[in-house]
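Asks: Here it is, the structure in full.
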Amino acid sequence: MIALTNRHTAWVLDEAKECYFIANYVNTYGSPEYMKAAYAFTQATKPFIPKGAFLGITEAKIGLLKGITYFMKVNFKACTTEEEAIQFLTD
């Protein structure tokens, strides 16, 4: 997941234009090392990503995501289905 996040960061920065994402976290675990990479991704790409959607974020992790979005001032949302994520990103 760290390597993929780093590639995503590089891609967004290379393109340097507005883009959106859906991240699928179903059946995954975010290690402390991954959380550092995710934080770095968010900081670096914030100017280019107005919205991001997450699948597989449930229960207590939703509260964590809400805290992160508040303090980092990003518009990320946990969604229960891919359709909900697409709707959020296209509204």
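The values are calculated or read from the model by the stated rules, or taken from the named source; none is laboratory data. These figures come from a predicted structure and were not determined experimentally. Neighbour counts run over all protein chains shown; Cβ positions are idealised from the backbone, glycine included. When the accessible area is computed, the model is the full protein with side chains, heavy atoms only, and any ligands, DNA or RNA have been set aside. Shrake-Rupley method; radii C 1.70, N 1.55, O 1.52, S 1.80 Å.
Asks: Quick check on my filter: what residues within region 56-79 are part of a loop (DSSP other than H, G, I, E, B) and out of contact with any Gly (no Cβ under 9 Å at 6 or more places or on another chain)?
Replies: Residues satisfying the conditions are Gly56, Ile57, Thr58, Glu59, Lys73.
Asks: Taking the stated definitions as given, is Lys73 basic (Lys, Arg) and exposed (fewer than 14 other Cβ atoms within 10 Å of the Cβ)? Show your work before the answer.
Replies: Numbers: basic (Lys, Arg): yes; exposed (fewer than 14 other Cβ atoms within 10 Å of the Cβ): yes.
For Lys73, the condition - basic (Lys, Arg) and exposed (fewer than 14 other Cβ atoms within 10 Å of the Cβ) - is met.
Asks: Condition first: free of Cβ contacts under 8 Å to residues at least 24 places away in the same chain and closer than 16 Å to Val26 by Cα. Now tell me which residues in region 40-60 satisfy that.
Replies: Thr58, Glu59, Ala60
Asks: Continuing with this model, one more query. Quick check on region 76-91: of everything there that is under 22 Å from Val12 (Cα atoms) and among the charged types (D, E, K, R), which residue is least open to solvent (accessible area, probe 1.4 Å)?
Replies: Lys77
Asks: Can you name the residue in region 6-34 that is among the β-branched types (Val, Ile, Thr) and modelled with pLDDT of 95 or more and, of all such residues, is surrounded by the fewest Cβ atoms within 10 Å (Cβ to Cβ)?
Replies: Across region 6-34, the extreme among qualifying residues is Ile22.
Asks: On to the next question. Mind checking which residues of region 23-34 are within 13 Å of Thr5 (Cα to Cα) and either in contact with a Gly (Cβ under 7 Å, 6 or more places away or on another chain) or assigned to a strand (DSSP E or B) (or both)?
Replies: Scanning region 23-34 gives Ala23, Asn24, Tyr25.
Asks: Output the residue which, of all residues in region 35-55 that are assigned to a loop (DSSP other than H, G, I, E, B) and of a type outside the set (A, V, I, L, M, F, W, C), is least open to solvent (accessible area, probe 1.4 Å). Lay out the reasoning, then the answer.
Replies: Residues of region 35-55 that are assigned to a loop (DSSP other than H, G, I, E, B), as a first pass: 46-51.
Going one step further and asking which of them are of a type outside the set (A, V, I, L, M, F, W, C), we end up with 46-47, 50-51.
Numbers: Lys46: 77, Pro47: 103, Pro50: 51, Lys51: 33 Å².
Selected residue: Lys51.
Asks: Let me ask something else. For residues in region 34-60 being more than 9 Å from the chain's Cα centre (by Cα) and aromatic (Phe, Trp, Tyr), which is nearest to Phe71 (Cα to Cα)? Walk me through it before giving the result.
Replies: Going residue by residue through region 34-60, those that are more than 9 Å from the chain's Cα centre (by Cα) are 34-37, 39-40, 43-50, 55-60.
Narrowing the set further to residues that are aromatic (Phe, Trp, Tyr) leaves 34, 39, 48.
Values: Tyr34: 19, Tyr39: 11, Phe48: 18 Å.
My answer is Tyr39.
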